[in-house]
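Remarks on the structure that follows.
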Amino acid sequence: MHKYSSIRVGVAGVTGYTGVELMRRLARHPRADVRLAMASGTSGSRRIPALARIWDAPVEAVDPDRLAADTDAVFLALPDTIAAELAPALAARGCRVFDLSGAFRLRSPEARRQWYPHTPAAAAATYGLTERYRDALREAELVACAGCYPTAAILSLQPLAAAGLLEPGVVIDAKSGVSGAGKTPSERTHFSECHGSIAAYGVFAHRHAAEIEQEVGMRVTFVPHLVPLDRGILETIYARLKPGVGDGQIGAALGAAYAASPFVRLTGSELPEIKHVAHTNFCDIGWRVDRPGGQLVMVACIDNLVKGAAGQAIQNFNVAYGFDETLGLN
């Protein structure tokens with residue numbers, strides 16, 4: 001019997017793509033009792049057509065006092081600047097906070113100042129990549145859920161880097177659907193700009209590179225691209241292997257790392273595709289090696305709104321409360 005039978009849950013930021021995904025999945029989670037659904041802003045109330053019959057009450061402005069009083073766990077699908085202020089305050093008032101922004105992902109005070117200047121340098125959080133931090137999540141009060149691009153990259157690279165199988169000089173060529181840019185429209189995400197095109201952006205200037213390097217423990221060249229899809233991430237990763245390292249060592253390291261991970265699927269030489277993971281919480285990882293000590297090419301795919309955001313947050317929630325890791329996600 002679990003210590004907890006039902007958890008009172010609040011979601012702030014339900015007006016965005018990630019917030020809607022969270023609400024849809026929490027609504028059918030057998031241990032989540034959704035009590036509050038709030039917007040990202042601080043004024044007005046509205047109804048969300050995408051949540052009809054899921055949450056028909058008006059979506060109110062963010063209210064920290066109500067979140068603290070009426071919930072046990074809060075999911076924050078908010079901009080970094082708002083989450084930076086709200087998350088520590090809610091945790092201090094006894095809520096377990098699952099923050100989907102980037103505000104608390106970086107541990108280095110210098111990196112925080114560079115990429116998230118509104119985040120308090122001393123605020124502590126547990127990094128929320130479930131497969132790597134299960135033990136820490138069980139006691140965590142503030143969880144900084146991993147970013148979408150970093151999730152695919154870290155799950156692919158970290159076991160190999162930890163085993164000393166890779167030479168320096170890893171390159172990550174990453175492609176994401178337009179929903180990864182959020183719901184607020186911009187010139188870059190306008191239909192007529194992205195349809196029929198692929199564009200690189202954030203070269204040497206993307207905050208997710210710092211997050212990947214923090215968790216993998218080595219420098220990477222990370223180049224993200226925007227592709228005309230509504231959801232999904234595909235990353236092609238290029239690395240040079242240490243002398244003598246071949247396909248067998250790669251498969252063994254990944255197999256050992258994820259033997260008990262229900263949402264990581266290792267596909268070997270059958271390289272995955274976005275359609276294989278769309279609308280699921282899976283991360284699929286495939287790879288090929290040209291020769292021992294030669295070149296490694298890995299391909300990793302996730303749904304950026306699920307394993308890259310809402311699904312991973314719920315996975316962290318499940319582990320934190322001692323539930324089956326797959327609840328609400330199958």
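The values are calculated or read from the model by the stated rules, or taken from the named source; none is laboratory data. All values reported here derive from a predicted model rather than from experimental measurement. No Cβ is skipped: glycine too gets one built from the backbone with ideal geometry, and neighbour counts run over all protein chains shown.
Tabulated data
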quantity: Candidates Pro292, Pro272, Pro243, Pro262 - the one that is out of contact with any helix residue (DSSP H, G or I) (no Cβ under 6 Å at 6 or more places or on another chain), under 23 Å from Ala144 (Cα atoms) and not in a helix (DSSP H, G or I); calculated: Pro262
quantity: Answer residue from segment 39-87, given it is modelled with pLDDT of 90 or more and acidic (Asp, Glu) and is surrounded by the fewest Cβ atoms within 10 Å (Cβ to Cβ) among those; calculated: Asp65
quantity: Residue check, Arg31 crowded, with 17+ Cβ neighbours inside 10 Å, over 21 Å from the mean Cα position of the chain (by Cα) and under 28 Å from His279 (Cβ atoms); calculated: yes
quantity: Condition met for Tyr321 (aromatic (Phe, Trp, Tyr) and either surrounded by fewer than 19 Cβ atoms within 10 Å (Cβ to Cβ) or in contact with an Asp or Glu (Cβ under 8 Å, 6 or more places away or on another chain) (or both)); calculated: no
quantity: Residue selected from segment 269-302 under the condition free of Cβ contacts under 8 Å to residues at least 60 places away in the same chain and in contact with a Ser or Thr (Cβ under 7 Å, 6 or more places away or on another chain), by the criterion surrounded by the fewest Cβ atoms within 10 Å (Cβ to Cβ); calculated: Arg288
quantity: Residue match in segment 253-267 (condition: more than 30 Å from Ala140 (Cα to Cα), at pLDDT 95 or above, in the same structural domain as Glu211 (by TED's automatic domain parsing) and not hydroxyl-bearing (Ser, Thr, Tyr)); calculated: no
quantity: The listed residue being part of a helix (DSSP H, G or I), more than 18 Å from the chain's Cα centre (by Cα) and within 18 Å of Ile212 (Cα to Cα), out of Glu110, Glu131; calculated: Glu110
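Here's the yes/no breakdown for (1) aromatic (Phe, Trp, Tyr); (2) touching a Lys or Arg at 6+ places or on another chain (Cβ under 7 Å); (3) farther than 30 Å from Ser6 by Cα:
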position: Asp63; (1), (2), (3): no, no, no
position: Leu78; (1), (2), (3): no, no, no
position: Phe104; (1), (2), (3): yes, no, no
position: Tyr127; (1), (2), (3): yes, yes, no
position: Glu131; (1), (2), (3): no, no, no
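Residue by residue, here is whether (1) at pLDDT 95 or above; (2) crowded, with 17+ Cβ neighbours inside 10 Å holds:
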site: Ala181; (1), (2): no, yes
site: Tyr201; (1), (2): no, no
site: Ala210; (1), (2): yes, yes
site: Val220; (1), (2): yes, yes
site: Asp230; (1), (2): no, no
site: Pro243; (1), (2): yes, no
